[in-house]
């Protein structure tokens, strides 16, 4: 009897990315089994083979993946840091609780790397979203909207240097620069709230960089594990970029995802925002990406 083809295991959080991966795998004729984390994954998952499980039920998650014939696993979507006291642990999860507590004290990169280690110890191979959804990866050059000016590109590159400089501190994946001035840096609030905060900034505080001016840059932190948490934008990001009075978005080419790409790039054209894939190269002395 011929064995069933190996399935991809998808640990699915919130947002559009896990759905796009699942639908792309199905369209390609590949098997995909989804662990829909309680409180994160939407109703779309009902159309795919899945189990809904709490994050604390580690034993049940590993067992479900093995029953489905999974060897390769991908994490996709947004994951809020859970409160340990609120988690419902099974026996395997309970045995990991002290390790989980140590992971929770790390930054986001440290937490994700720790989870990757746990899955590897259980015999699973991690695969990144870029490998599964290559058509969503930002390409170099102008992707949508009007061509950015030399000043716009200078702002984008300065924002990229800020992200690179803060990367070792595990701060965030984005920054906004307008006319050479840093207006905002992404931290734990995420891109949407960063842009909302910028939109609420009094005009007097932006007097030296009035709207419309400036660019949001999104890119990987130096040393970030690309299998676990690639930066991404989607249509809602562009709506908030426009509301914040910026001229466009620069994305690390090859290191950032564009979700709902068709709708996203069409919206950029309508809003008159540039979306540009910025090629970064290592600084010859420091290794900083610029």
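The values are calculated or read from the model by the stated rules, or taken from the named source; none is laboratory data. Just so you know, these numbers come straight off a predicted model, no measurement behind them. Virtual Cβ from ideal backbone geometry, glycine too; neighbours counted across all protein chains shown.
Key figures for this structure:
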quantity	calculated
Test: residue in the stretch 201-217 that is farther than 18 Å from residue 134 by Cα, in a helix (DSSP H, G or I) and under 21 Å from the mean Cα position of the chain (by Cα)	no
Scope the stretch 172-190; condition under 16 Å from residue 247 (Cβ atoms) and in contact (Cβ under 8 Å) with a residue 40 or more places away in the chain; matching residues	174, 175, 176, 177, 178
Test: residue in the stretch 132-147 that is without any contact (Cβ under 8 Å) to a residue 24 or more places away in the chain, surrounded by fewer than 19 Cβ atoms within 10 Å (Cβ to Cβ) and out of contact with any strand residue (DSSP E or B) (no Cβ under 6 Å at 6 or more places or on another chain)	yes
Subset of the stretch 47-62 [farther than 17 Å from residue 8 by Cα and out of contact with any strand residue (DSSP E or B) (no Cβ under 7 Å at 6 or more places or on another chain)]	54, 56, 57, 58, 59
Tabulated pairs, the stretch 148-162, first in the same structural domain as residue 178 (by TED's automatic domain parsing) and buried (at least 21 other Cβ atoms within 10 Å of the Cβ), second assigned to a helix (DSSP H, G or I) and at pLDDT 95 or above, C-beta under 8 angstrom, 6+ apart or interchain	148/156
Out of 71, 66, 81, 106, sole residue that is modelled with pLDDT of 75 or more, in the same structural domain as residue 30 (by TED's automatic domain parsing) and not in a helix (DSSP H, G or I)	71
